Amino acid sequence: MSKIQVKKKLTTKPTSKKSLAIMSFEKGFHFYTNIDNYTGITATNLNEFESNLKIIPAESIKFHLQRKDFEKWVKYTIKDAALAEKISKIKEEQSTEDLRKELLKTVKTSIP
């Protein structure tokens, strides 16, 4: 009688596939400072989105918040309605850097 040894793979399951799933460039979030003024920065998942929020020009944050682009992308592309709702509640009547900080804090809570 022979013994068969089975090696078990250790896998860690992410708590959310939303932030880890990489989408195509076309479906990514393309940061603009104004219509037809692309920054050259695109996020293809929620982790990249959070990282890019730290480096995009301040006017890009205002531009996209006013148009509700962040919440639309998160809701319809990332498929995270709860995060989109949180983003929609960010008050625009603050400095751009305060908006950046609040947006970063909000997004960070949804990344495992």
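Structure notes:
- Residue check for PHE70: aromatic (Phe, Trp, Tyr) and within 13 Å of the chain's Cα centre (by Cα): yes
- Candidates in segment 78-108 are the residues that are surrounded by 15 or more Cβ atoms within 10 Å (Cβ to Cβ) and under 16 Å from THR44 (Cα atoms); of these, the one that is farthest from the chain's Cα centre (by Cα) is ASP80.
- Test: residue in segment 27-37 that is closer than 18 Å to LYS101 by Cα, within 15 Å of the chain's Cα centre (by Cα) and at pLDDT 95 or above: yes
- One residue stands out in segment 80-112 among those that are of a type in the set (A, V, I, L, M), part of a helix (DSSP H, G or I) and touching a helix residue (DSSP H, G or I) at 6+ places or on another chain (Cβ under 8 Å): the one that is farthest from SER51 (Cα to Cα), namely ALA81.
- For segment 15-24, the condition of being of a type in the set (S, T, N, Q), more than 18 Å from THR109 (Cβ to Cβ) and at pLDDT below 95 holds for at least one residue.
- Within segment 58-79, tally of residues that are within 17 Å of GLU102 (Cβ to Cβ) and not hydrophobic (A, V, I, L, M, F, W, C): 8
- Meets criteria (surrounded by 14 or more Cβ atoms within 10 Å (Cβ to Cβ), outside any strand (DSSP E or B) and either out of contact with any helix residue (DSSP H, G or I) (no Cβ under 6 Å at 6 or more places or on another chain) or at pLDDT 95 or above (or both)) for GLU50: yes
- Of all residues in segment 54-79, those satisfying the criterion of being modelled with pLDDT of 95 or more and not in a helix (DSSP H, G or I) are LYS54, ILE55, ILE56, PRO57, LYS68.
- Just one of (1) touching a helix residue (DSSP H, G or I) at 6+ places or on another chain (Cβ under 7 Å); (2) surrounded by 18 or more Cβ atoms within 10 Å (Cβ to Cβ); (3) farther than 27 Å from GLU93 by Cα fails for TYR32. It is (3).
The values are calculated or read from the model by the stated rules, or taken from the named source; none is laboratory data. All values derive from a computational prediction rather than experimental measurement. Here the Cβ is made from the backbone with ideal geometry for all residues, glycine too, and neighbour counts use every protein chain on show.
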